[in-house]
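Right, one structure below, let's go through it.
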Amino acid sequence: MANWSDPRTTATGFGATAATRAAEFDAGLRSYMLSVYNYMASGVLLTGIVAMLFAQSGMAAQILGGPGLMKYVIMFAPLAFVMVLSFGINRLSTGTAQLLFWAFATVMGLSMASIFLVFTGTSIAQTFFATAAAFAGLSLFGYTTKKDLSGLGTFLIMGVVGLLVAMVINIFLQSTVMQLAISAIGVLIFAGLTAYDTQKIKSMYAYVAGTDMMGKTVIMGALSLYLDFVNMFTFLLQFMGSRE
């Protein structure tokens, strides 16, 4: 990247123009990625706060632990928000996409309150920090690697589909061994997706920079990384979590 204190960058000519454009692109990319990470981290924080407060209020135990329609509304509401954002992003304004992202993070917190009813607070905190450290390393790898991860992404997305099928099957089997296998595979899949999605989000900047789509691309990038983080945390909790 060009050194702005270097007088050579002020020279006229094609080389100076190219260096200036490269520096502007790098600065824009850093700002773009920082926005993605800020939204993602804020969403995770909001989810955690909502989950903890909902669990401590006692309402989570009553609603999520018992029968009733509201239990299923809370469980499947996050999926509805993801579907709306994923398939309707081109028709949404940036402001609407932002509101939907925060609403999604909130209802996801209501849904995840159940972990506070099952696992100890200490083990949840330990798993969270372990996930955060792993996520940071994997995302850094995805950002800096020169290797094209698109082929890996296709394989991992197919893995997610297989994982969902296995989880549905295990609802009926109730196999502890199968649950542990699903958790182990889930951690690996979403670890890989963290690197893949980071590279994909980075590559999108060249196409959306300076356009109306940039704000919405930031939201969708944050949503992808949020889902990678939360799923990796949830599956890892099956191994590291101590039950109440």
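Those residues that are under 18 Å from Phe25 (Cβ atoms) and buried (at least 17 other Cβ atoms within 10 Å of the Cβ), I need them from the stretch 199-224; list them, please.
Gln199, Ile201, Lys202, Met204, Tyr205, Met214, Thr217, Val218, Gly221
List the residue pairs whose Cβ atoms are under 6 Å apart, where the first residue sits in the stretch 19-30 and is touching a residue at least 40 places away in the same chain (Cβ under 8 Å), the second is in a helix (DSSP H, G or I), and the two are 6 or more positions apart or on different chains.
The qualifying pairs are Leu29/Tyr205.
Give me the residue from the stretch 74-95 that is within 19 Å of the chain's Cα centre (by Cα) and among the β-branched types (Val, Ile, Thr) and, out of that set, farthest from Leu223 (Cα to Cα).
Step by step, filter the stretch 74-95, then rank; the result is Thr94.
Please go through the stretch 44-70 and give me each residue that is without any contact (Cβ under 8 Å) to a residue 12 or more places away in the chain and over 24 Å from the mean Cα position of the chain (by Cα), ordered by number.
Ser57, Gly58, Met59, Gln62, Ile63, Gly66, Pro67, Gly68, Leu69, Met70
Residue by residue through the stretch 120-152, note down the ones that are of a type in the set (Gly, Ala, Ser) and either crowded, with 16+ Cβ neighbours inside 10 Å or outside any helix (DSSP H, G or I) (or both).
So in the stretch 120-152, the residues of a type in the set (Gly, Ala, Ser) come out as 121, 123, 125, 130, 132-134, 136-137, 139, 142, 150-151.
Passing the criteria: Ser123, Ala130, Ala134, Ser139, Gly142.
Here, each number is a calculation from the coordinates, and none is a lab measurement. This is a predicted model, so every value here is computed, not measured. Methodologically, a virtual Cβ is constructed for each residue, glycine included, from the backbone with ideal geometry; neighbour enumeration extends over all protein chains shown.
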